[in-house]
Amino acid sequence: MSVKILVVEDQKSVRENIEELLELEGFEVKSADTAGEGFRLIEPFSPDLIISDLMLPDFSGTELIDKLRDLEGFSETPVIIITGNDKPETFRTSMSRGADDYLSKPFKAQELYDSIASQLHKIEIRKENVELIAELSQQSPLPIIRINQFGKLIYSNPAANQINCENFIDLIFERISSKNTLNFDFEFPFEDQLFKAVVTHNNLQGYYNIYFLDITNENKKNIELSQKNELILLKNENLMQFAYIVSHDLKAPIINLRQLTNLIKLKTDENSKLNSPEEPLLELFDQSLSKIEDVMRDLNEILKARDDKSIAVYETFSIREQIEKLSLLFKNDLKMANDAVTIDIDRKYTLNFPVSSFNTLLKNIFEDSMNYNDSNNLLKLEFKYSESEQFKVLEITNNCTSNSLKTSQLNSSSLYKSSTQNDIEKGLAFQIIKNIMNSHEGDFRFQKKDETGCSYKLIFKQHDAL
């Protein structure tokens, strides 16, 4: 089934151009030239994503978002706002009103495609997480209900049905309405039982999960351990949504910062010749923003790896060929020397592992290795492979020369090299690698070598191809 996209744009030429771009990519498209007409199309068309102009004849794109968020069944539909107004305050207003992304006219076709791909990926992962949590909830002996922001019951598991938890909804919603915090718990009596209700708010989807603990025969300060463990398991929903919450919260400031750099570049172009002193600083600023976006994607990869293995897509691929592809990519991105990577692995050796997770592992190792060297030209990464009956081992050695270990107070790499191995292993890159490997029953080992570099060892459990 093709993805459905609704386009709301009053300028005919722009609207038809967007329609053509989307249809070329196989999307099913409907369009409207007013916000009112677009809103009327939502229920019969049931779009997966909406692209809307900000300024429309009847009411604005942000007002359309307000109406959409109150429309049952469509409150989570992503909206991309497009506009010719590139002022920073317009960015901020649109994102704060619930827009999922923002494009300034005129935009390139690839910018539109990238924005759509990002939103569709977000939808897919959210669906996987919801299905996983629903399965956990159904099997849980802990009573669980879910209510929306209006206090309406939208889900209850079998354990909740046994004790008629819907009788508690008015009481709980009254407590929710009176609290300044979105996550809290409270105790209340019901008939001859004493319950603790633990309320957690799903930031991404706007509903409340309520878990009921029967503490009738318990000390109020010592809830039964098994129930606490069950509660911790179910609260993992918040962890699995964390990447999206972080992504959503950081998206607006990142857009604003990128817009600021564009404005500075424009001002620089108007007032000076080439080789402006601001240009290197702006380039560094853009690189820093890209690094933040990379971290957000890596956090998402960790959470994907934590999911049930039935969700992870295992693929069999040539280890050497995949490393060659990634090496070429990273050589360009990180400006590495042509001879920086040596791969001592026969093409016959394969690995059955999620490709996206493997790519994330190597990306973090490449970037971490770059941090270890003062000069990109002195980076020497050597890849070796071995295997046993149960495990496949990929070892990456960073054989930097002694010249690359020169010290400099202003060089972050030098600070990195002066750190202890324990300090280094506390870094984000190591936590990302460890979490991914542990989630797939593997292991990760790192060793820092004085004056000779360091080594990374990825130990994969053998998985038979399906």
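Since every read-out is calculated from the coordinates, none of them should be taken as a lab result. Predicted model, so just to flag it, every value in this text is computed and none were measured. Neighbour counts run over all protein chains shown; Cβ positions are idealised from the backbone, glycine included.
Return the FRET efficiency for the residue pair residue 155, residue 461: r is the Cβ-Cβ distance, R0 is 35 Å, and the value is rounded to the nearest 0.05. Don't skip to the answer; put the middle values down first.
On the way: r = 36 Å, r/R0 = 1.02.
Once the sixth-power term is evaluated, E becomes 0.45.
Give 127/457; 4/363; 108/380; 67/196; 30/122 a once-over and call out the pairs whose C-alpha atoms are over 29 Å from each other. Present the calculation step by step, with values, prior to reporting the outcome.
On the way: 127/457 34 Å; 4/363 34 Å; 108/380 38 Å; 67/196 36 Å; 30/122 22 Å.
Result: 127/457; 4/363; 108/380; 67/196 exceed 29 Å.
What list do you get for 365, 343 if you sort them by fewest beta carbons within 10 Å? Present the calculation step by step, with values, prior to reporting the outcome.
Numbers: 365 24, 343 17.
Fewest-to-most ranking of 365, 343: 343, 365.
What FRET efficiency, computed as 1/(1 + (r/R0)^6) with R0 = 22 Å and r the Cβ-Cβ distance, is obtained for residue 85 and residue 40, rounded to the nearest 0.05?
Details: r = 26 Å, r/R0 = 1.17.
Plugging the Cβ-Cβ distance into 1/(1 + (r/R0)^6) gives 0.30.
Once both labels are modelled 7 Å past Cα along the beta-carbon direction, what's the residue 188-residue 58 spacing in nm?
Modelled inter-label distance: 4.1 nm.
Treat the count of other C-beta atoms within 10 Å as a stand-in for reagent exposure and order 366, 173, 186 from fewest to most. Before the final figure, lay out the partial values.
Details: 366 24, 173 20, 186 13.
If I rank by nearby Cβ atoms, fewest first, I get 186, 173, 366.
Please sort 56-62, 393-399, 9-15, 344-350 by packing, taking for each peptide the average over its residues of neighbouring beta carbons within 10 angstrom, highest first.
Details: 56-62: 17.9, 393-399: 19.4, 9-15: 14.9, 344-350: 12.4.
Output ranking for 56-62, 393-399, 9-15, 344-350: 393-399, 56-62, 9-15, 344-350.
Given the peptides 382-390, 24-32, 454-462, arrange them by the average over their residues of other C-beta atoms within 10 Å, most packed first.
On the way: 382-390: 12.8, 24-32: 16.0, 454-462: 18.2.
So the peptides 382-390, 24-32, 454-462, ranked by packing, come out 454-462, 24-32, 382-390.
By count of other Cβ within 10 Å, fewest leading, how are 428, 41, 64 ordered? Mind showing how you got there, number by number?
On the way: 428 12, 41 17, 64 28.
Neighbour counts put them in this order, fewest first: 428, 41, 64.
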